[in-house]
Amino acid sequence: MFAKQPLMARRHFLITSAFAGTAGLIMPTVATAGTAPPPPSDAPRVAPQSLTTASEAGISSATLVGAAVTAQASGDASIRPFHYRATNEDLADLKRRIAATRWPERETVNDNTQGVQLATMRQLGDYWANHHDWRRAEAQIFSYPNFITNIDGLDIHFIHVKSKHANALPVIITHGWPGSIIEQLKIIGPLTDPTAHGGSAADAFDVVIPSLPGYGFSGKTTAPGWVVPRIAKAWDVLMKRLGYTRYVAQGGDWGNAISEVMALQQPAGLLGIHTNMSATLPEAIRTALPAGPPPAGLSADEQHAWDQLTDFYTHGLGYALEMNQRPQTLYGVADSPIGLAAWMLDHDIQSYDLIARVFDGAQEGLTRDDILDNVTLYWLTNTAVSSARLYWEMRNSKAGFFDPRNVPLPTGVSAFRYEIYQAPEAWARTAYPHLVFYKAHDVGSHFAAWEQPKLLAEDMRETFRGVRTA
């Protein structure tokens, strides 16, 4: 089939399937929970503080030392406090493997057109082996209440932090690839305790941050079928199981796709969504991509978005095409810490440039520890391949990742300057018929919650003010 297509047409086909749209897919059913137990009464009301113990909560505990979470019976709707501690042996093995890296020669150009540059990876490897402290990261993660619950036969890990303020609005926040729950840790405080971060008590949220299937501490899928619509349904089950009858959703990357599909499914109680990587491409733009020429008469912000999109579609999709087609082939990424880190850094050129500056000593919204905390979580949980399978699961989608889905609920859009593309306001207003908030930022890249937590938290407060009393 592909042999008969011109090269660019083939690339565009692969792009469409690699960046799954999901709206037209059949949505597998998800087992619904029974009567949901309420959140533990003594769960922390503000972040962070000590984890509630199993005996205090009156529910079973899941404590793992250097192991992946194991599946529970699919009929088990319990919510189990969860803790993880990497073994000293695992951490020593990580350092040994970094030191034993067989480095390639330097790239033959003086730029990043051949991929992640050797100097960046040498700096990263040196810091990872000699300065990074996973125990610090581990302590930070588990300073918040972590839990596991089984949904549709798979154990789902999540962080759940309740606000001390009355009438806090529950929000479920979803990461993407190559992200994790670590992306969202910086926004827990501003959302749950707004009075300490420039907001008012009326802006408070209860925050739920799940790990996607096959990511972090969630279970790894053992059979095909965990597509975006199924995850979207599972997230509604999770919120109802926590006792929430009214809530909102937020996400970027896969988190945007999941939040938008949740809105399309319209489960009872979902009031609205917010996205920091919106799906807004007009038909004229979609038709002209990936190589152009662009439609005539683009405004300055539309031209900026077009330039970002054409660069990404022609130069930046190697990772997505491989994971979309052949995720199991990534044995080298699973076996080498440096290989894993390089694979994760090579997501999009704008976030890569930021990360390269960080390891070169620049002060940015991310730190070297931020970046390596996330990579180390992937390494210790051995989720390089299992996380990649989500792209394969969505390979048959009929729509592109950035195609508008006609979301039927109130929607807020944050457009950060150095995202894969910064969605122009005109595109957002056309794509989202119920747009209630839009803001373009002159800073920020793909990892908004991680890099620009203050701005993202402020945008979320503004987006959801109108639905709190609806």
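Observations
- Linear extension gain, N88 paired with D111, 0.36 nm per residue minus alpha-carbon span: 4.4 nm
- Cα→Cβ-extended label distance, 7 Å offset, between T195 and R357, nm: 3.7
- Each label was represented as a point 7 Å from its Cα along the Cα-to-Cβ direction; for Q265 and T329 these points are 3.2 nm apart.
- C-alpha center-to-center spacing [segment 384-425, segment 190-228] in angstrom: 17
- Order of M460, M344 under a 10 Å beta carbon neighbour criterion, fewest first: M344, M460
- Cross-link partners for K220 among the aspartates and glutamates, with Cα-Cα distance under 14 Å and sequence neighbours closer than 8 places in the same chain left out: D152, D155, E393.
- Ranking of S397, S414, S200 by count of other Cβ atoms within 10 Å, fewest first: S200, S397, S414
- The chymotrypsin sites (Phe, Trp or Tyr not before Pro) of segment 193-291 include none that DSSP puts in a loop with a beta carbon having at most 14 other beta carbons within 10 Å.
- Remark: Y378, Y127, Y432, Y352 ranked as Y127, Y352, Y378, Y432, counting other beta-carbon atoms within 10 Å and listing the fewest first.
- A simple spin-label model places the labels of K164 and V443 2.8 nm from each other, with each point 7 Å out along Cα-to-Cβ.
Here, each number is a calculation from the coordinates, and none is a lab measurement. The structure displayed is predicted, hence computed values, not measured ones. Note: ideal-geometry Cβ built from the backbone for every residue, glycine included; neighbour counts use all protein chains shown.
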